[in-house]
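Notes to accompany the following structure.
No lab work stands behind these numbers, since they all come straight from the coordinates. Treat the numbers as computed from the prediction; the structure is a model and nothing was measured. Counting neighbours? That spans all protein chains shown, and the Cβs are built from the backbone with ideal geometry, glycine included.
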Amino acid sequence: MILLDHVTKIYPGDKKPALDDVSLHIEPNEFVFLVGKSGAGKSTLMKMITKEENPDAGKIIIGGIDLDYIKRRHIPHYRRRLGVVFQDFKLLPRRTVYENVAFALEIAGMSTRDIKHTVPKVLELVDLLDQAHKFPSQLSGGQQQRVSIARSVARQPKILIADEPTGNLDKLTRKEIITLLQKINDFGTTVLVTTHDEAIVNNLDKRVVTLKNGRIVADQKTHGIYKLDGDPEDFKPKPKEPRNAQKLRH
């Protein structure tokens, strides 16, 4: 579904690569967290997938499409196959919730009849059907992010990329957004999330890929934990102590 094969990217003027010989394979229907400190290469990796940037070396194949062979004029069409959610929502302020989602479908060439059929279903999925005629300024941050997610999944993309989707939200709302992303994943969408939220990563037991200085330093396939530094052994979850052992210590 997502394949990066020995991908390297060096921005002009930089001495060190933003991505340094990165190889990553994400299967269909996986839910993957991408973690790392600022400057580790997370954003560059995302831009490789959305073809905002091109690698200096290596191969990228997304959903069976070799990105080397996508012509410039076909890039917008390719991007419509992906769902992308941002930290800052990027909603159209003068359009209602309904119109924000409908506009994304208009751009994709969907008929008016199909839009009227699709938008209410998507808003129901994100629990915003009763807010359909409100403007973004009338919504909470969590509600605005749910509109952003609704807009991204309205075309039923096979891959959803969420770049720090909970960064501007409070603890309870962050949990609600991640629960929604899990729900979308359960419907068969591959989900890739970048985050600095340690609690969310550690509570979900999902695959966690850790970047450092442009390299993948850990790829925890299951029961991943949020840890940015240390030896590979440090990335392994610690076994839980039996309850009777805890009692004996006391």
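Filter LYS42/LYS175; LYS59/LYS227; LYS51/LYS227; LYS37/LYS121; LYS15/LYS90 down to the pairs with a C-alpha to C-alpha distance above 26 Å, please.
Numbers: LYS42/LYS175 22 Å; LYS59/LYS227 28 Å; LYS51/LYS227 28 Å; LYS37/LYS121 37 Å; LYS15/LYS90 33 Å.
From LYS42/LYS175; LYS59/LYS227; LYS51/LYS227; LYS37/LYS121; LYS15/LYS90, over 26 Å: LYS59/LYS227; LYS51/LYS227; LYS37/LYS121; LYS15/LYS90.
Going by C-beta contacts inside 10 Å, put TYR226, TYR11, TYR98 in order with the fewest on the left. Before the final figure, lay out each step's value.
On the way: TYR226 19, TYR11 11, TYR98 22.
Fewest to most other Cβ atoms nearby, the residues stand as TYR11, TYR226, TYR98.
Among PHE33, PHE187, PHE89, which comes first, second and so on when ranked by fewest other beta-carbon atoms within 10 Å? List each step's numbers first, then the result.
Values: PHE33 25, PHE187 10, PHE89 20.
Fewest-to-most Cβ neighbours within 10 Å comes out as PHE187, PHE89, PHE33.
Tally the DSSP beta bridges in the chain and give the antiparallel ones as a percent, rounded to 5. Could you put the intermediate results ahead of the total?
Numbers: 17 of 34 bridges.
Once the DSSP bridges in the chain are tallied, antiparallel ones form about 50 percent.
Calculated FRET efficiency, ASN202 and LYS121, Cβ-Cβ r, R0 22 Å, to nearest 0.05?
Working: r = 33 Å, r/R0 = 1.51.
After rounding, the FRET efficiency stands at 0.10.
Rounded to a whole number of µm²/s, how large is the Stokes-Einstein D of segment 67-163 at 4 °C and 1.567 mPa s, given Rh as the Kirkwood radius over C-alpha pairs? Don't skip to the answer; put the middle values down first.
Details: Rh = 13.8 Å.
Stokes-Einstein gives a translational diffusion coefficient of 94 µm²/s.
For an R0 of 45 angstrom, estimate the FRET efficiency from the Cβ-Cβ distance between ALA57 and ASP88 and round to the nearest 0.05.
Numbers: r = 32 Å, r/R0 = 0.70.
Once rounded, the FRET efficiency stands at 0.90.
Convert each backbone phi in segment 197-208 into a coupling constant with the Karplus relation 6.51 cos²θ - 1.76 cosθ + 1.60 (shift: θ = phi - 60°), then list the ³J(HN,Hα) values in order as whole Hz, x for Gly and Pro.
7, 4, 4, 5, 4, 5, 8, 9, 6, 9, 5, 10
Provide the per-residue ³J(HN,Hα) series for segment 142-152, in order, calculated from phi with Karplus coefficients 6.51, -1.76, 1.60 and θ = phi - 60°, each as a whole number of Hz, with x at glycine and proline positions.
x, 5, 5, 5, 5, 5, 4, 5, 4, 4, 6
Relative to the present Cα-Cα distance, how much length would full extension add between GLN182 and ASN29 at 0.36 nm per residue of separation? Display every interim value, and only then the final one.
Numbers: separation 153, 0.36 × 153 = 55.08 nm, distance 1.06 nm.
Answer, rounded to one decimal: 54.0 nm.
At a threshold of 8 angstrom on Cα-Cα distance, excluding pairs fewer than six apart, so keeping six or more, what relative contact order does segment 2-229 reach in percent? Could the numbers behind the result be given before it?
Numbers: 419 pairs, mean separation 64.5, N = 228.
It rounds to 28 percent for segment 2-229.
Computed over the Cα atoms, what is the radius of gyration of the chain divided by 2.2 N^0.38 Å, N being its residue count? Before the final figure, lay out the partial values.
On the way: Rg = 19.6 Å, N = 250, 2.2 N^0.38 = 17.9 Å.
The reported ratio for this selection is 1.09.
Using just the helices of the chain, give the 222 nm mean residue ellipticity in deg cm²/dmol: DSSP H runs with n ≥ 4 each add -39,500 (n - 2.57), and the total is spread over all residues, rounded to 500. Working shown, then result.
Numbers: 8 runs with 81 residues, N = 250.
Calculated from helices alone, the mean residue ellipticity at 222 nm is -9500 deg cm²/dmol.
Once you have the Cα-Cα distance between ARG72 and GLU106, take 0.36 nm times their residue separation minus that, and quote the gain in nm to one decimal.
Values: separation 34, 0.36 × 34 = 12.24 nm, distance 2.15 nm.
Extra length from ARG72 to GLU106 when fully extended: 10.1 nm.
Using the 10 angstrom Cβ neighbour count as an exposure proxy, how do GLU124, GLU176 rank, fewest first?
Going from sparsest to densest Cβ surroundings: GLU124, GLU176.
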